[in-house]
1. Only one residue in Y391, Y443 is touching a residue at least 24 places away in the same chain (Cβ under 8 Å), crowded, with 16+ Cβ neighbours inside 10 Å, of a type in the set (F, W, Y) and in contact with a helix residue (DSSP H, G or I) (Cβ under 7 Å, 6 or more places away or on another chain), so which one is that?
2. So V102 fits all but one of (1) in contact with a Phe, Trp or Tyr (Cβ under 7 Å, 6 or more places away or on another chain); (2) surrounded by 21 or more Cβ atoms within 10 Å (Cβ to Cβ); (3) of a type outside the set (S, T, N, Q); (4) modelled with pLDDT under 95; what number is the exception?
3. Being modelled with pLDDT under 95 and assigned by TED's automatic domain parsing to the domain that holds V161: is that true of R260 here?
4. Out of region 131-148, which residues are farther than 20 Å from T212 by Cβ and buried (at least 20 other Cβ atoms within 10 Å of the Cβ)?
5. Just one of (1) over 21 Å from P307 (Cα atoms); (2) in contact with a helix residue (DSSP H, G or I) (Cβ under 9 Å, 6 or more places away or on another chain) trips up P89, so point out which.
6. G291 passes all but one of (1) of a type in the set (G, A, S); (2) surrounded by 24 or more Cβ atoms within 10 Å (Cβ to Cβ); (3) not in a loop (DSSP other than H, G, I, E, B); which number fails?
7. Test of understanding: among G193, G175, G188, G201, which residue is modelled with pLDDT of 95 or more and at positive phi?
8. Tell me the helices (runs of 4 or more DSSP H) entirely within region 108-202 that contain at least 1 residues that are closer than 28 Å to A279 by Cα.
Amino acid sequence: MIPRNVLTTLSAIALSCIVSAVADAQSKEASFVLQSAGRWSEAQTNAVRAAGGVLSFSHGETGLAVATSANPNFLRDARATKAFSDVDPDRVVAWQQPTRVVDMDEGFANAFPPTDAFFNAFQWAPQSVNAPQAWAQGCTGAGVRVAILDGGLHDKHLDLVANLDTMASRSFVPGQAFNSDTGTFWHGTHVAGIVAASANGRGTVGIAPEATLVGVKVLHSGSGAFSWIINGILYAATPRNAGGAGADIINMSLGATFNRNDPNYRGLLAAMNRAVNYANRHGVLIVSSAGNDGADRDHSGNTVNVPAESGSGVAVSATGPFGWAYGNTNYRRPSSFTNYGASLVHVAAPGGDFAWPTNENCNVAGFVTACWVFDMVMSTSRGSDTSTSSYSWAAGTSMSAPAASAVAAIIKQANPGISLGALKSRLAQSADDEGKPGRDPFYGAGYVNAYKACTMK
C-alpha cells in the first residue's frame, strides 16, 4: 500500500476510466463471486447455468468461482438454488492510494557510472537490513520464486529482465497484459525491484538479487476487482506442474479497509480469506503491506484491513529515516504513516518516509532534489515508453512488504524444504528486536535482518 494525502502519480483520469468501463460493462453483463460450502463440483456449475450465468472461472479445492450474467435477477436466482454458501456481486476497489513519488532524471540515470552506483549512493534500504553481508554468505534468493501481485511490471527494465519469468507471468485484468499499466511510475515495477533487481553492475540492487520474479497483474492504475485478486492468488500459489506460477512467496503491496459486517463486502472478504488460506495449505507465504492510515489495528472496532488481515498471511509495517541526506541513519524509526498493532504486524521493514517538514534541496552524489526525497525508497520504475533504466523514490508499506518478502526468499534459499510455519517463525526470529522487548505494536517481532536470516541455525 502507498500513503494517502500526498502527491498524485496514479492518474485520477485513468482510475475514472477503469471504473466507468467496468460500470458500463456491468450494465450489460455483471460479474459475481460465488462460494460453495465445500469443493466446487458439477452441481454448482449446473446451478450457475440454471440461474442464467456463464462460469468464467472455478477452483475445485477452494470452492471459489466467478460467473457473469446478463440476467438482472441472477443474484436472487443463484442464491435461491441453495447450491452456494455465498453469492456476491464483484466489486472494483482502489487498493493503492496516490503516492508521493520523485523520479530520477533518465539522463542522469544513464550517465551514472555503471557500478550499481544507485545502490552505493542512494539505496539505504538494502544496507539497513544487512543485505550485503547476506550476499557475502551466498544468500541471494537464488532458486526462490516471488510472485508480485500488483499492477504492471516493466519486463524490459535492465534491472529486472534477468530475473523475470515472463512465461509464468500473467494478467487477470481483462484486456490488459501483465506488462502494462498507466503513467510512468508503475507501482508493481517499483515493488519488484525492491525484491530482486539484479546485481548487474548498474542501477539498483534488490535485497534478494537472484530471486525469480513472476509478475501477476491484478490491478490497473491502483484499482481492481476482488475476482482479479482472488484469481491472482490462486494462480500464483498453484504449483507449476498443475498450471500455476509455482510461487514460494506472494507479495501483495496493496490493501483497503472495510467494515467486516458490511453486507456489500462480507462475502467478498470471506472469499479473499479462502484464497489466502489456499496458499497457506500449499506452503506459500503471503506477505502484505500493513497499510498507511497511521491506524492502531489493535483497536479498530469492526473494520478489517485486507489482505493484511486476511487468512493466514503476514503483514509488514514500515520504517524510514528522518533526514538521511543530513546523515540521519536511524532506519528503524517507524514511518509517519504506517499502520501498527501487535495483532497485525509480523515484522517491520524499510518503507521510507517523507515527513521532513521543509523543502530545501540537498546534493547527494551529484543529484540535487528536495532533501526529504532521500528518506524514501529508491527502486525501479517505468519511465518513458523507450526507457529500460528508470528509477524513482517512493514510500509506503508497499515498499516495506517486498523488503520482507526478499528476506523470506533468503531464508527459503538457505533452508530448502522449510515448512511454511518454520519460514514464518524464522522470519520473526531472525529480526532484530526493536521497541519494547518482545512483540511490539510497531515492529511485531522486530526489524528484518537478511544476514541473520541467512545464517541463523
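1. Working: Y443 fails: in contact with a helix residue (DSSP H, G or I) (Cβ under 7 Å, 6 or more places away or on another chain).
None of the others qualify; the one that does is Y391.
2. (2)
3. Yes, satisfied.
4. none
5. Of everything listed in (1) over 21 Å from P307 (Cα atoms); (2) in contact with a helix residue (DSSP H, G or I) (Cβ under 9 Å, 6 or more places away or on another chain), P89 misses just condition (1).
6. (3)
7. Values: G193 fails: at positive phi; G188 fails: at positive phi; G201 fails: modelled with pLDDT of 95 or more.
Residue meeting the stated conditions: G175.
8. Those helices (runs of 4 or more DSSP H) span 124-128, 131-136, 187-196.
The values are calculated or read from the model by the stated rules, or taken from the named source; none is laboratory data. A quick note: this is a predicted structure, and the numbers were derived from the prediction, not measured. Counting neighbours? That spans all protein chains shown, and the Cβs are built from the backbone with ideal geometry, glycine included.
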